[in-house]
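I have placed the structure first, in the form of structure tokens, so that the comments after it can refer back to it.
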Amino acid sequence: MAIIAEKYPLYLAGQPFYSDEALSVYDKFSGECVTSVSMADSSAIDAAITAASDARVVMAEMAPYQRRDILMHCVKRFRERSDELANILCVEAGKPIRDSRGEVTRLIDTFLIAAEESLRIHGEVMNLQISERTKGYHGFTRRVPVGPCSFITPFNFPLNLVAHKVAPAIAAGCPFVLK
């Protein structure tokens with residue numbers, strides 16, 4: 001089993017941040033405090049919203065291959081840390097190790113699918129020739145990010161449910177704030 005760190009930061013605009021207030025994490029089987037996680041106060045939340053808003057234009061202008069590369073970097077890191085992630089799920093959520101490993105695999109699969117789909121986000125051409133008056137008319141759609149997203153995820157499948165929100169947001173070019 002991988003070792004759990006003494007404490008974990010929260011991430012604000014991609015940078016680790018240790019806050020003054022932390023949430024203790026207890027092993028579901030032993031009841032022992034095994035680590036702590038930095039908690040966001042109102043100023044950290046405001047800073048996260050501002051950072052996501054500021055990143056809107058940069059994310060929207062990213063080429064599909066750049067978004068794919070970000071997602072593939074995540075896949076690489078998840079694979080490297082898969083034992084650690086499974087162990088944390090086992091301890092914090094009380095999941096059997098087999099189920100925890102399965103959730104890590106699903107996390108990786110979801111990011112892989114999003115990486116592939118990031119290259120296929122495109123528009124559509126619709127034939128609008130429904131009468132003589134509209135001869136030669138076509139409609140066009142183009143998918144574009146609309147702005148920052150805010151996600152709150154439940155605790156029962158923390159990696160899997162986060163992956164299903166975050167990976168598509170990266171693939172589409174939407175910055176996000178995750179709680």
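The values are calculated or read from the model by the stated rules, or taken from the named source; none is laboratory data. Please read these numbers as outputs of a predicted model, since none were measured by experiment. All Cβ positions, glycine included, derive from the backbone under ideal geometry; neighbour counts span all protein chains shown. The area values use the complete protein model at the heavy-atom level, side chains included, leaving out ligands, DNA and RNA. Shrake-Rupley method; radii C 1.70, N 1.55, O 1.52, S 1.80 Å.
Observations on the structure shown:
- Counted residues, the stretch 135-165 - those being in contact (Cβ under 8 Å) with a residue 12 or more places away in the chain, open to solvent by 80 Å² or more (accessible area, probe 1.4 Å) and among the basic types (K, R): 2
- Residue match in the stretch 56-70 (condition: of a type in the set (A, V, I, L, M), within 30 Å of L119 (Cβ to Cβ), more than 17 Å from the chain's Cα centre (by Cα) and open to solvent by 50 Å² or more (accessible area, probe 1.4 Å)): yes
For every residue, the table says whether it meets (1) β-branched (V, I, T); (2) not in a helix (DSSP H, G or I).
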| site | (1), (2) |
| --- | --- |
| T35 | yes, yes |
| R56 | no, no |
| Y65 | no, no |
| R68 | no, no |
| K95 | no, yes |
| T105 | yes, no |
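- For the stretch 123-133, the set of residues classified as open to solvent by 70 Å² or more (accessible area, probe 1.4 Å), part of a loop (DSSP other than H, G, I, E, B) and out of contact with any strand residue (DSSP E or B) (no Cβ under 9 Å at 6 or more places or on another chain) consists of I130 only.
- Figure legend. Inter-residue proximity from the stretch 1-27: first residues free of Cβ contacts under 8 Å to residues at least 24 places away in the same chain, second residues in a loop (DSSP other than H, G, I, E, B) and among the polar types (S, T, N, Q), beta-carbon distance below 8 Å, spacing 6+ or different chains. No pairs are indicated.
- Count of the stretch 71-89 residues which are under 11 Å from I170 (Cβ atoms) and either surrounded by fewer than 13 Cβ atoms within 10 Å (Cβ to Cβ) or touching a strand residue (DSSP E or B) at 6+ places or on another chain (Cβ under 8 Å) (or both): 1
- Remark: A44 falls outside the filter, which requires a residue to be part of a loop (DSSP other than H, G, I, E, B), open to solvent by less than 100 Å² (accessible area, probe 1.4 Å) and touching a Phe, Trp or Tyr at 6+ places or on another chain (Cβ under 9 Å).
- Within the stretch 17-41, the set of residues being of a type outside the set (A, V, I, L, M, F, W, C) and open to solvent by 70 Å² or more (accessible area, probe 1.4 Å) comprises Y18, D20, E21, Y26, K28, S30, E32, D41.
- Looking only at the stretch 166-179, and only at residues there that are assigned to a loop (DSSP other than H, G, I, E, B) and under 11 Å from the mean Cα position of the chain (by Cα), the one that is surrounded by the fewest Cβ atoms within 10 Å (Cβ to Cβ): K179
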